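Nothing in this text is a laboratory measurement; each read-out follows from the coordinates by a stated rule. Just so it is clear, the model here is predicted, and its values are computed rather than measured. Ideal geometry is used to build each Cβ from the backbone, glycine not excepted, and the neighbour counts take in all protein chains shown.
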Amino acid sequence: YQRRVRGKFHLGKPSGETMKIKQYEKQLKMQSEELIKTQRDLVAVQEELLKIQRELLKKREDEISAVQSTAQQEIKSFATVLEKECASALAPKKIQSAIVAASEDRSCNMIVHGLEELKDSGNSDELETQIKALFSELDEAPKVKSVERLGKISSSARPVKVVFRSRNAQMSVLSKKSLLKGNDKFGKVFLSPDRTVEERRERKQLVVELKEKVKRSPGTHYIIRGNRVLVAPRE
């Protein structure tokens, strides 16, 4: 603050407004410094976050690389096994057998399980005589195309495949298979349709299901009909 006296300037005390301005300037400077410091701290935090993100990405890339490597090894191993299995399954003899089995008409066939195998197992006449005796117990005399043992000779009796001349003859014999239960001569014999591998697998599952139900409800009589396990109707 200047004051002019007789042509000369003299310094005087600053006014209140001047003091306020200086205080504002000082406050602004301090706030500016704090803001700059805060900005620097924020930049440092952002850089630390970027560093952490880069480390996480690197770790994730390493994990993905390890998974890919493991998957490639497993796929390679599976491909090797599959190649061997396919080579075995696609052998000419197996393909021919599969084609024959798929195209064979089984509607007139029947399988006889548990029929005693005589010493002279290669004698077809004796086998036919056994089958006729079995039919006689069921009061049946169907016309048959062929009778043969299946599989290789072993310690247990091999199943017998019977091919009837008609579907009706096959159904008539199978409808009486329960009469063999308790029979003195053929009590251990069981008759069934000639099923495919897939049908035998499904039948086996149904038998397991039936046994489980019988175990849970011993007093209930169950039967397999079609592809289901049902409660037997009361007589």
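In percent, rounded to a whole number, the relative contact order of the stretch 134-235 is 16, using alpha-carbon pairs under 8 Å and six or more apart.
In this structure, the amide hydrogen of ASN183, modeled 1.01 Å from its nitrogen in the peptide plane, lies closer than 5 angstrom to no residue at least 5 positions away or on a different chain. Projecting label points 7 angstrom from Cα along Cα→Cβ for ARG165 and LYS177 puts them 2.4 nm apart.
When you count, for each residue, the other Cβ atoms within 10 Å and take the mean per peptide, how do 107-115, 129-137, 203-211 rank with the highest first?
Details: 107-115: 18.3, 129-137: 15.6, 203-211: 13.0.
Those peptides, ordered most packed to least, come out 107-115, 129-137, 203-211.
Place a point 7 Å from Cα of HIS221 in the direction of its Cβ. Which residues in the stretch 108-151 have their backbone N less than 13 Å from it? Output list for this probe position: empty. You can think of it this way: the chain between ALA71 and GLU83 has 2.5 nm of extra reach, that is 0.36 nm per residue less the Cα-Cα gap. Computed over the stretch 145-235, the range of Cα coordinates on each principal axis works out to 41, 29, 29 Å, biggest value leading.
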